[in-house]
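S.K.: Here's a structure for you.
The values are calculated or read from the model by the stated rules, or taken from the named source; none is laboratory data. The model shown is predicted, which means the values in this text are computed figures rather than measured ones. Virtual Cβ from ideal backbone geometry, glycine too; neighbours counted across all protein chains shown. Just the protein is used for accessible areas: all its heavy atoms, side chains included, with ligands, DNA and RNA removed. Shrake-Rupley method; radii C 1.70, N 1.55, O 1.52, S 1.80 Å.
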Amino acid sequence: FKLDGKPRGNTFILSYKQLIATLLPISLSTLILPIARVFDSFTIVNFLSKYSNNATSLYGIYTGSVESVVNVPVAICYAVAVSALPQISRSVKNGDFIKIKDDFLKAVSITLFLSCIAGIVLFFFSPTVTKILFSSLSQSEKQITSSLLSPSFFTIVGLSLLQTLNSCLI
């Protein structure tokens, strides 16, 4: 392996260690969401089965309707996270730690702002959103969807921050 035309024996080992040190936190942070969804599927269905005979269909309403709506603001915030990546990378390359901190805080602030607005809108207007987006559901399913959509504020903010923080780790 050569740097500046001179052979270096330990460079490969050093870059291998740097690669592992970079990929490990990113890989672990990307595993959080799938593991949480698997855990949710078992936990929510088991919890709902104590109170209802149709726990699986209620979970289907949650994953099909509620998560679909929640993922829209999360995807928008993901765009913010991805657009912050070149700025942060440029600052890292230049060694400007103050600019890194500013870029990071700007990305987190924009993410928090957008996700909080989306969460508040869904909290207060979940019946209207449900009525507009899921007109084919029965009245009881709309009520369940609206009830599940209303407290999704924390999910939107949490997932949006997860995406931004994960992007900034890169």
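S.K.: Taking residue 76, is it open to solvent by 70 Å² or more (accessible area, probe 1.4 Å), part of a helix (DSSP H, G or I) and at pLDDT 85 or above? Write out each step before concluding.
M.R.: Numbers: open to solvent by 70 Å² or more (accessible area, probe 1.4 Å): yes; part of a helix (DSSP H, G or I): yes; at pLDDT 85 or above: yes.
When the stated conditions are applied, residue 76 passes them.
S.K.: Now, a different point. Answer yes or no: is there a residue in the range 111-132 that is closer than 13 Å to residue 168 by Cα and open to solvent by less than 70 Å² (accessible area, probe 1.4 Å). It would help to see each step written out before you state the result.
M.R.: Our first condition is that a residue be closer than 13 Å to residue 168 by Cα; within the range 111-132, this holds for 111.
Of the ones still in play, those that are also open to solvent by less than 70 Å² (accessible area, probe 1.4 Å) are 111.
Scanning the range 111-132 turns up at least one residue that is closer than 13 Å to residue 168 by Cα and open to solvent by less than 70 Å² (accessible area, probe 1.4 Å).
S.K.: Further question on the same structure: If I ask for residues that are under 11 Å from residue 167 (Cα atoms) and crowded, with 16+ Cβ neighbours inside 10 Å, which ones from the range 86-110 would you list?
M.R.: Passing the criteria: 88, 104, 107, 108.
S.K.: Moving to a separate point now. May I ask you to verify whether residue 83 is open to solvent by 60 Å² or more (accessible area, probe 1.4 Å), among the polar types (S, T, N, Q) and not in a helix (DSSP H, G or I)? It would help to see each step written out before you state the result.
M.R.: Numbers: open to solvent by 60 Å² or more (accessible area, probe 1.4 Å): yes; among the polar types (S, T, N, Q): yes; not in a helix (DSSP H, G or I): no.
No.
S.K.: From the list 91, 150, 115, pick out the single residue that is more than 26 Å from residue 28 (Cα to Cα), assigned to a helix (DSSP H, G or I) and in contact with a Phe, Trp or Tyr (Cβ under 9 Å, 6 or more places away or on another chain).
M.R.: Working: 91 fails: more than 26 Å from residue 28 (Cα to Cα); 115 fails: more than 26 Å from residue 28 (Cα to Cα).
150 is the lone residue from the list that is more than 26 Å from residue 28 (Cα to Cα), assigned to a helix (DSSP H, G or I) and in contact with a Phe, Trp or Tyr (Cβ under 9 Å, 6 or more places away or on another chain).
S.K.: How do the pairs read when you match residues in the range 154-170 that are without any contact (Cβ under 8 Å) to a residue 60 or more places away in the chain with residues anywhere that are of a type in the set (Gly, Ala, Ser) and in a helix (DSSP H, G or I), using Cβ under 7 Å and keeping only pairs 6 or more apart or on different chains?
M.R.: Between residues of the range 154-170 that are without any contact (Cβ under 8 Å) to a residue 60 or more places away in the chain and residues that are of a type in the set (Gly, Ala, Ser) and in a helix (DSSP H, G or I), the close pairs are 157/115; 157/119.
S.K.: I've got another one for you. Of all residues in the range 134-152, count the ones that are over 25 Å from residue 163 (Cα atoms) and either open to solvent by 60 Å² or more (accessible area, probe 1.4 Å) or touching a Cys at 6+ places or on another chain (Cβ under 9 Å) (or both).
M.R.: 7
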